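The values are calculated or read from the model by the stated rules, or taken from the named source; none is laboratory data. Everything numeric here is computed off the predicted structure, so don't read it as measured data. When we count neighbours, we look across all protein chains shown, and the Cβ atoms used for this are built from the backbone with ideal geometry, even at glycine. Ligands, DNA and RNA are excluded from the accessible area calculation, which covers all protein heavy atoms including side chains. Shrake-Rupley method; radii C 1.70, N 1.55, O 1.52, S 1.80 Å.
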Amino acid sequence: MKTKFLLFTLLFLPCLVKAQDTYTFNYDYLQKRIISYQKKGAPKSTPIDNDGELRKLILNNGDIVIVQIDNINTYAYSIAVTVQSQSFNQTPPPLLASLFTDFNPSALAVAPPAARPGYVAPPPAYPQSTTLATDIQKVVTARREFYMRSLALTYRKFDANTAATAPDIQAVQNSTPATLLTDYKAALVLMDKVQSDYLAGKASNTTVDDKTLLDNLYKGYSDKDYPTAFEAYLKEQLNISKSDFEYTTPPVTVKGEKVAIVIAIGAIASNTAQQSAAGYTAVSREYDLKVQALWHWSFSTGFFMSSLGSKTYISRPNTHTNSTVTPPVDTVTGYQNVLDNNTKLVFGATALLHYTYKITPGFELGGHVGLGVPINTSFNMNYLAGGTVFLFNDNRLGINFGLAAGYTPQLSPNVSTSVVYKNATDVPISYVDKFRADRFEISITYNLSDLFGGSSTTTPAGAATPAAAATPASKGP
């Protein structure tokens, strides 16, 4: 008994000592696939060269799964990630570049000087006005440079659908506060020069016409409120961080026999121009990972064999042979109950409910209860219970063994098999159903489904459904 208990303990000891691990899967939007994963506490991530390698990864029940999406513009794309039936939707942040909509930098390159924002070309005879106009143009150009740096946050530049956009991502992610502050201070110097040259021009001995041009130039410049614009641009661009180009799901606890990771990404498109600029490319990728180290319920059907058989009796005449005559004559001397059929083994179909522990994805141990319907004897339901071994993962073969119980017809105790009756009609044959629970059974079954293995869907309140969820483009293993 001690030896059996020790063997049982050694077999199921792994069930008790499995440590919980946390896996962070890295999905790269440029490559449109999961490229690596990292276990918590590991010094570095494990690269994944192809989807086939990912299928080899086996998780334990109770592990934590996190999905991180890199190299994606969260201002331009909506993201939905489903892990184990729990769905998380990224709520797109508001565009930082709220002031950019009133400014078109391309106009600086194609428009004549007189049409450029804040610029009025003075006649050559007015040097103070010409100086001020040049100063204002330098401020306008500086504003254009600030604007162009932030185009990566808008639909007009960055769609992340090709590797060619990687330098754009790098430029924004590598932008340092020191560089931004240097450019901002340079803009302040330019705006101070506009102010000082305007005041100096008005104070100098200029004509009335020149003073009028100065006032008109400065008024046009003041109406644009460049100091406020530069301050707003600096504040917005200082808030740009790597997190603007990635999305990370909350942790999800692994439950059930598989972990399904579905990543759906679509463009946030409010009009045709934005759809075109963002590429309007919907992506849907699905990954199924195997799970081990869990107890779970399942259901299977197949065929069984048990020793819960039955006996039937018939009335047989007893005869006496008179050999003194030729030919000999048989004479019936009476009638007696005799055994007609003794079914040793019962065969039939079975349906079983299992509770097993998945030691590996292809090997499980546990128990079962169920019913067996015999086909080679009278219909008497077999109640089955015992142990189960499951082999393979997706299409599992069950080998079940244990005890069979049920009612079997037995000859009534009031009926004797030793009494000889004179007439056939006098022979009583009656049966009673007797419950027996000491028979063996064995069955081969096919596992149909995992019961109670999923988890409820959890969607954050107010989360938007991504366009990609409705338009799958590709599917992985």
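Quick rundown of the values:
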item: R0 of 56 Å, Cβ-Cβ distance Phe303-Thr326: FRET efficiency to nearest 0.05; result: 0.50
item: Probe 1.4 Å - accessible area at Lys211, Å² to nearest ten; result: 80 Å²
item: Förster radius 22 Å - calculated FRET efficiency between Lys40 and Leu365, Cβ distance, rounded to 0.05; result: 0.15
item: Net length gained if the chain between Ala349 and Lys211 were fully extended (0.36 nm per residue, minus Cα distance); result: 39.1 nm
item: Label-to-label distance, nm, for residues given as Asp394 and Met381 (7 Å Cα→Cβ offset); result: 3.5 nm
item: Full-extension gain in nm, Asn239 to Tyr446, via 0.36 nm per residue minus C-alpha separation; result: 68.7 nm
item: Whole-Å semi-axes of the stretch 195-263's equivalent ellipsoid (Cα gyration tensor); result: 61, 10, 6
